[in-house]
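Engineer: I'd like to ask you about the structure that follows.
The values are calculated or read from the model by the stated rules, or taken from the named source; none is laboratory data. Note that this is a predicted model, so its numbers are computed, not measured. Cβ sites come from the backbone with ideal geometry, for glycine too, and all protein chains shown count toward neighbours. For the accessible areas, the whole protein counts, side chains as well, though only heavy atoms, and no ligand, DNA or RNA atoms are used. Shrake-Rupley method; radii C 1.70, N 1.55, O 1.52, S 1.80 Å.
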Amino acid sequence: MSQSIEEKLYLIRYKADDQSHLTIRNQDVCLNCTSKECNFFCPADVYEWDAEGHVTTVAYENCIECGTCRLACPASNIEWVYPKGGHGITYRFG
Amino acid sequence: MADERFDVIVVGAGPAGTAAAYTIAKAGLKVALIERGEFPGAKNIFGGVLYRKQLEDLIPEFWKEAPLERTIIEQRLWVLGEDNTFQVAFRDGRFQDPPNCWTGLRVKFDQWFASKAEQAGAVPIYETVVTELLRDVHRVVGVRTDRVDGDLYANIVIIADGVNSLLGKSLMVHREWNPDQVSLAVKEVISLPKQTIQDRFNLEDNEGCTIELIGQMSKMAGLGFLYTNKDTLSLGVGVMVSDLQKKRVKPYEVLDSIKRHPMISRLIQGGEVKEYSGHLIPEGGFDSIPPLAGDGWMICGDAAQMVNAVHREGTNLAVTSGRLAGETAIAAHLRGDFSFGTLDDYNTAIRASFVHKDLKKYRGVHSLLGFGDSEKLFDKLPESLNEAIYQMLLVDGVPKKDKQKMAMRLLRDAAGGNLDLLRLGIKGWRAMNG
């Protein structure tokens, strides 16, 4: 019954905005970040370090709006706001 | 909606905000209930327990119409070792009538609760994000929303925007939460036939049970839960954000490791995962509660860190804080004074209530969960406790006196020696007894 995170996220209804509500403030900070904790603590795997492009990629369409990254980025390098009204996740059970 | 004026604007249609809006609307005041989701509850999850008393104060016999799952008659605590489990449980038929608490699902419940506020006269403004508070010098006079011409004005703004409370932060009533003041909970709703749930959990009809889990979870400081709904189970785990940072474990992997535990896997076997969700829980406790009122504003529920993590109570604290804020708003309206001097009565009312008293009682628990002690409490001690009990119950010819010594040694070593075991015991006792 174990599923991949992609399968888990597929169960949630999303209405994605065309603009990201999550912004990396400064990619240079990510480049110099040794721990890259955001690649682990996010429950929806939104953040991934792209070693070739030297950027943190942000899959904001997968965000479940918990706010962990807002608090847990060691450099406070993630700008976090709510998706536009009516956008983002809609749970069916809760 | 430009220049529309309300007596009160409530931001957030969770249990706290809806309780406030319902209270105010019933008194005949003009109140707006703003929610960023498609509908109230769309963004909301919790472990799953709703309590009778505080909601009954607002809506008598609400359980006869509210969408609830099962009436909880039995509560279990499981201390998980790697492949063993120490269990305690309490069942009492008196929890059935009047019902003490129920399992619930927030999408259904929050929608129902908000519909009660709407029926009472609250003006629903959904699919709308409040982006900032409008201020006249120090006084909060309204909100700016993400709608076109979206400024709304009111004498009072009640902030019930949940754990992330960007509005509370913008008021600078609290600093940003520290990673050790919040836990991330991830949860799955797993469907199983009603009869299968009843057979596996020893339940009949609408009886329900809750299982709290402590122990082996990828070596994280956290607590798990498994609750019975009508035809689904709610299985989840909460881990402190500071621990997630340090351990570099993915939150859903912690949940998956619980699902594989031999005691859990047999209970969820054959079930279909219907939903995965995640949410922060404010667990800073008493010392994290921000100032609760100021000129033109009050703050309630998760936004004010009102969660009793020890008893996993939250929605009831939210409902009570919302009701008290609502009653204060009504009194302020009658007095025609919306300054801190009047709204501080909300603070006084909270202090006189169980919300303040319970959180104060457990104020030490938060520091007990700090790094170091949490490893002992959640990992080493549960493992040793299970091993000690295994040894005590194993009949292998070793004299009981020797077994008892061995058991004590196991616990002592897990705590890091006699003194540390004593220290942890005293600290734990103090944390639980205020």
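Engineer: Among the candidates B:V239, B:V307, single out the residue that is touching a Gly at 6+ places or on another chain (Cβ under 9 Å) and over 16 Å from B:V49 (Cβ atoms).
Structural biologist: Only one candidate qualifies: B:V239.
Engineer: Let me ask you something else. Any idea which of B:R94, B:R76, B:R5 is touching a Cys at 6+ places or on another chain (Cβ under 8 Å), surrounded by fewer than 17 Cβ atoms within 10 Å (Cβ to Cβ) and either basic (K, R) or not in a helix (DSSP H, G or I) (or both)? If you could, list the steps in order and put the result at the bottom.
Structural biologist: On the way: B:R94 fails: touching a Cys at 6+ places or on another chain (Cβ under 8 Å); B:R5 fails: touching a Cys at 6+ places or on another chain (Cβ under 8 Å).
The conditions single out B:R76.
Engineer: Please find, within the range B:199-236, the residue that is surrounded by the fewest Cβ atoms within 10 Å (Cβ to Cβ) out of those that are among the β-branched types (V, I, T) and in contact with a Ser or Thr (Cβ under 9 Å, 6 or more places away or on another chain).
Structural biologist: Only one residue fits best here, namely B:I211.
Engineer: Right, something else. Somewhere in the range B:48-71, is a residue at positive phi and more than 14 Å from chain A (Cβ to nearest Cβ)?
Structural biologist: Within the range B:48-71, one or more residues are at positive phi and more than 14 Å from chain A (Cβ to nearest Cβ).
Engineer: Condition test on B:D231, is it farther than 21 Å from B:P99 by Cα, within 14 Å of chain A (Cβ to nearest Cβ) and among the acidic types (D, E)? Before you say what the answer is, go through the steps one by one.
Structural biologist: Values: farther than 21 Å from B:P99 by Cα: no; within 14 Å of chain A (Cβ to nearest Cβ): yes; among the acidic types (D, E): yes.
No.
Engineer: Since B:A114 meets every condition but one in (1) more than 14 Å from chain A (Cβ to nearest Cβ); (2) more than 26 Å from B:S183 (Cα to Cα), which condition does it not meet?
Structural biologist: (1)
Engineer: May I ask you to list the residues in the range B:150-177 that are aromatic (F, W, Y) and more than 14 Å from chain A (Cβ to nearest Cβ)?
Structural biologist: Initially, the range B:150-177 is screened for residues aromatic (F, W, Y), giving B:153, B:177.
Residue satisfying the conditions is B:Y153 alone.
Engineer: Does B:D146 fit the bill of being among the acidic types (D, E), within 14 Å of chain A (Cβ to nearest Cβ) and free of Cβ contacts under 8 Å to residues at least 24 places away in the same chain?
Structural biologist: Values: among the acidic types (D, E): yes; within 14 Å of chain A (Cβ to nearest Cβ): yes; free of Cβ contacts under 8 Å to residues at least 24 places away in the same chain: yes.
Yes; evaluated as a whole, the condition is true for this residue.
Engineer: Identify the residue in the range B:152-168 that is hydrophobic (A, V, I, L, M, F, W, C) and part of a loop (DSSP other than H, G, I, E, B) and, among all such residues, is modelled with the lowest pLDDT.
Structural biologist: B:V163
Engineer: Just one of B:D243, B:D180 is under 16 Å from A:A72 (Cβ atoms), surrounded by 24 or more Cβ atoms within 10 Å (Cβ to Cβ), of a type outside the set (S, T, Y) and more than 9 Å from chain A (Cβ to nearest Cβ); which is it?
Structural biologist: The conditions single out B:D243.
Engineer: Please specify each residue of the range A:1-30 satisfying the condition of being loosely packed, with under 15 Cβ neighbours inside 10 Å, closer than 14 Å to B:Y252 by Cα and of a type outside the set (S, T, Y).
Structural biologist: Hits for the range A:1-30 are A:M1, A:E6, A:E7.
Engineer: Sticking with this one: Can you name the number of the only condition in (1) buried (at least 23 other Cβ atoms within 10 Å of the Cβ); (2) at pLDDT below 95 that B:L68 fails?
Structural biologist: Only one criterion is unmet by B:L68, namely (2).
Engineer: Give B:K405, B:K380 a once-over and let me know the one that is part of a helix (DSSP H, G or I), under 21 Å from B:W78 (Cβ atoms) and open to solvent by 50 Å² or more (accessible area, probe 1.4 Å). Quick ask: steps written out before the conclusion?
Structural biologist: On the way: B:K405 fails: under 21 Å from B:W78 (Cβ atoms).
The match here is B:K380.
Engineer: Also, quick follow-up: Listed residues B:G271, B:G278, B:G314; which is in contact with a Pro (Cβ under 6 Å, 6 or more places away or on another chain), in contact (Cβ under 8 Å) with a residue 40 or more places away in the chain and either open to solvent by 10 Å² or more (accessible area, probe 1.4 Å) or at the interface with chain A (Cβ under 10 Å from one of its Cβ atoms) (or both)?
Structural biologist: None of the others qualify; the one that does is B:G278.
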